[in-house]
Amino acid sequence: METALRVLFITPEMSPYAISGELAEFSGALPRHLQELGVDVSVVMPRYRIPEIEALAAEPAFPELWVPLGEESVRASVWKAEPGGRTVYLIDHPRYFGRDKIYGTPREEYPDNDERFIFFNRAVLEFIVQAGLEADVLHCHNWPSALVPVFLKTHYAEEDVLKRTAVVFTLHNALFQGDFPAESLALTGLDWNLFAARKLSVNGRFNFLKSGVAFSDALNTVSAVYRRELLAGKDASLAELLRSRSGRFFAVRGGIDLDAWNPETDPHLPARFSAGDPSGKAECKAALAAEFGLAAGKEAPLLAFIAHLTQHKGLDLLLDAAPAVLRLGFSLAVAGLGEERSRQSVSRLAKAHPGRVGVKFDMSPALSHRVVAGADMMLIPSREEPCGLNQFYAFRYGTVPVARAVGGLKETVKPFRSGTGEGNGFLFRGYNRRALVGALRRALDCYRRPECWAAVTRAGFRERPGLAEVARRYVELYKKAMDLKQGA
């Protein structure tokens, strides 16, 4: 009988316990789908002092774990919880993780993030070795876990429990790289020759993400278009490194939990609906308009923007285009979190257009579901978007995405053609007001023709962007990484 594939899923965040971005939902949902395919998967993450983590029924799994850090050893511990039948290991150290945020406050990132995540990466491998925890694959995500493959192939290269273990490193978003001063390397115990040879460094700084790219057995990102963008990207050092490893660099498109995002059963909505009976969506729209203080009737389309309030999500473009968008007749609901300057800019927009623009500085699951369900259209004007999930949520809820043709958005949102009835949304290419407003004009023209709008929303409802198929592709990637590890 074939032994089950054993995977340790190493992540800095995981829904519903520690959430910063789309990685959290991915980490919360994909392991369950992997389990359904027979994979023996456990998750390893930090034990932040976040209420959702504090509420977990966790017990000590390794009460005393000594972790090398610089010239000393730091005492830590590992806790184990089993929510929903999944095994989650929590690396605990009050100095590094006794905080209620993952990376920092809305004002700034924690100044010791280099030390915090060097410790986390080293602690993961110490736990594996000291506990004798065998795994076929370590699946690492984004810069906060990118040093695991580096440590594995240096400090832990001779450890029997890890000699056959492969590493898959997923770049969910290469914009965030974990770029720190060269002095941070002293905490790793790594040879400075690796730094001098630019295997760990870029422009004289210690770069976590590029270190992970250089040392992993297999790499992937979350859409084929984003892979092409990275290989030809503006970040010349990353593009050069990825091109040198292109035979190990794959694309596995992202997806969402179709059970959690289901308008027929969603507990967060004032009314349920489906593709067969979408009548409840009108009640969701009315409730959302009231919640955001908007005068949005049937004739006035309700446009939603829900994202982190940053330029790479297109906030500057939204603010620039907003007056023209409102002149078209849209009402605008904005929900998100961000730094104080961004919040002030959005607040000024809402104050200048009462009843037309509503704002909530919130991205809680309950509000996110209500926004997606109640909106007619979802605006996704991203400057960069590796895969994006908002378009998938929109499809599920009969909400039409109006998105910039970049990254995974270009791959998943198909321009609607009224002549053929094909397509599931509206795209624009240029990062400018004219292009965005032009796409909204096309969407508005369709919205005002019931047959056209019914066709485009039906196309969205037909999409099945679930994680079941994604999990199957990751199983294939794990096996490929194991072959690459053995030199096949």
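When the stretch 414-441 is filtered for residues that are over 18 Å from residue 324 (Cβ atoms), in contact with an Asp or Glu (Cβ under 8 Å, 6 or more places away or on another chain) and among the charged types (D, E, K, R), only 414 remains. Mind checking whether some residue in the stretch 186-208 is modelled with pLDDT of 95 or more and on the phi > 0 side of the Ramachandran plot? Checked the stretch 186-208: at least one residue is modelled with pLDDT of 95 or more and on the phi > 0 side of the Ramachandran plot.
When residue 300 is tested against (1) surrounded by 15 or more Cβ atoms within 10 Å (Cβ to Cβ); (2) modelled with pLDDT under 95; (3) assigned to a helix (DSSP H, G or I), only condition (3) is not met.
Within the stretch 218-232, being surrounded by fewer than 16 Cβ atoms within 10 Å (Cβ to Cβ) and more than 21 Å from residue 481 (Cβ to Cβ) holds for 228, 232.
Residue 153 meets all of the listed conditions (1) basic (Lys, Arg); (2) touching a helix residue (DSSP H, G or I) at 6+ places or on another chain (Cβ under 9 Å); (3) free of Cβ contacts under 8 Å to residues at least 12 places away in the same chain but one, namely (3).
What do you reckon, is residue 401 modelled with pLDDT of 95 or more, under 19 Å from residue 255 (Cα atoms) and in a loop (DSSP other than H, G, I, E, B)? Considered against the rule, which asks whether it is modelled with pLDDT of 95 or more, under 19 Å from residue 255 (Cα atoms) and in a loop (DSSP other than H, G, I, E, B), residue 401 comes out as no. Looking at this structure, is residue 322 without any contact (Cβ under 8 Å) to a residue 60 or more places away in the chain and either over 17 Å from residue 352 (Cα atoms) or in a helix (DSSP H, G or I) (or both)? Answer is yes for this residue.
The set of residues in the stretch 432-454 that are small (Gly, Ala, Ser) and out of contact with any strand residue (DSSP E or B) (no Cβ under 9 Å at 6 or more places or on another chain) contains only 454. Out of the residues in the stretch 28-53 meeting the condition of being surrounded by fewer than 22 Cβ atoms within 10 Å (Cβ to Cβ) and of a type in the set (Lys, Arg), tell me which one is farthest from residue 119 (Cα to Cα). The extreme case among them is 32. Within the stretch 241-265, residues that are in a loop (DSSP other than H, G, I, E, B) reach partners that are of a type in the set (S, T, N, Q) and buried (at least 19 other Cβ atoms within 10 Å of the Cβ) with beta carbons closer than 7 Å, at six or more positions or on different chains, in the pairs 252/220; 253/223.
What number goes with the only condition from (1) under 21 Å from residue 443 (Cα atoms); (2) surrounded by fewer than 24 Cβ atoms within 10 Å (Cβ to Cβ); (3) in contact (Cβ under 8 Å) with a residue 60 or more places away in the chain; (4) of a type in the set (A, V, I, L, M) that residue 373 does not pass? Result: residue 373 fails condition (2) only. The sole residue among 420, 399 that is surrounded by 24 or more Cβ atoms within 10 Å (Cβ to Cβ) and farther than 21 Å from residue 224 by Cβ is 399.
Taking the residues in the stretch 404-447 that are modelled with pLDDT of 95 or more, over 26 Å from residue 252 (Cα atoms) and of a type in the set (D, E, K, R) as candidates, determine which candidate is farthest from the chain's Cα centre (by Cα). Only one residue tops the list, namely 445.
The test for being modelled with pLDDT under 95, more than 24 Å from residue 41 (Cβ to Cβ), assigned by TED's automatic domain parsing to the domain that holds residue 479 and charged (D, E, K, R) does not hold for residue 75.
Look at residue 367 and say whether it is assigned to a helix (DSSP H, G or I), not assigned by TED's automatic domain parsing to the domain that holds residue 104 and not polar (S, T, N, Q). Yes, satisfied.
For residue 487, the criteria (1) on the phi > 0 side of the Ramachandran plot; (2) touching a residue at least 12 places away in the same chain (Cβ under 8 Å); (3) surrounded by fewer than 17 Cβ atoms within 10 Å (Cβ to Cβ) hold in every case but one, which is (2).
A count restricted to the stretch 375-398 and to residues that are assigned to a loop (DSSP other than H, G, I, E, B), closer than 14 Å to residue 288 by Cβ and of a type outside the set (Gly, Ala, Ser) stands at 2.
Let's see how each residue does on (1) closer than 29 Å to residue 159 by Cβ; (2) of a type outside the set (S, T, N, Q); (3) surrounded by fewer than 21 Cβ atoms within 10 Å (Cβ to Cβ):
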{"residue": "87", "(1), (2), (3)": "yes, no, yes"}
{"residue": "91", "(1), (2), (3)": "yes, yes, no"}
{"residue": "95", "(1), (2), (3)": "yes, yes, yes"}
{"residue": "103", "(1), (2), (3)": "no, yes, yes"}
{"residue": "107", "(1), (2), (3)": "no, yes, yes"}
{"residue": "110", "(1), (2), (3)": "no, yes, yes"}
{"residue": "121", "(1), (2), (3)": "yes, no, no"}
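In the stretch 154-175, the count of residues that are under 21 Å from residue 109 (Cα atoms), within 27 Å of the chain's Cα centre (by Cα) and not hydrophobic (A, V, I, L, M, F, W, C) is one or more.
Of all positions in the stretch 341-352, none carries a residue that is part of a loop (DSSP other than H, G, I, E, B), of a type outside the set (Asp, Glu) and either over 25 Å from the mean Cα position of the chain (by Cα) or more than 26 Å from residue 298 (Cα to Cα) (or both).
Among the residues of the stretch 176-192, those that are within 13 Å of residue 207 (Cβ to Cβ), crowded, with 17+ Cβ neighbours inside 10 Å and touching an Asp or Glu at 6+ places or on another chain (Cβ under 8 Å) comprise 178, 180, 184.
The helices (runs of 4 or more DSSP H) falling completely within the stretch 135-237 that include 3 or more residues that are farther than 23 Å from residue 13 by Cα map to 192-196, 224-231.
The values are calculated or read from the model by the stated rules, or taken from the named source; none is laboratory data. Since we're looking at a predicted model, the values are computed, not measured. Backbone-built Cβ (ideal geometry, glycine too); neighbour counts: all protein chains shown.
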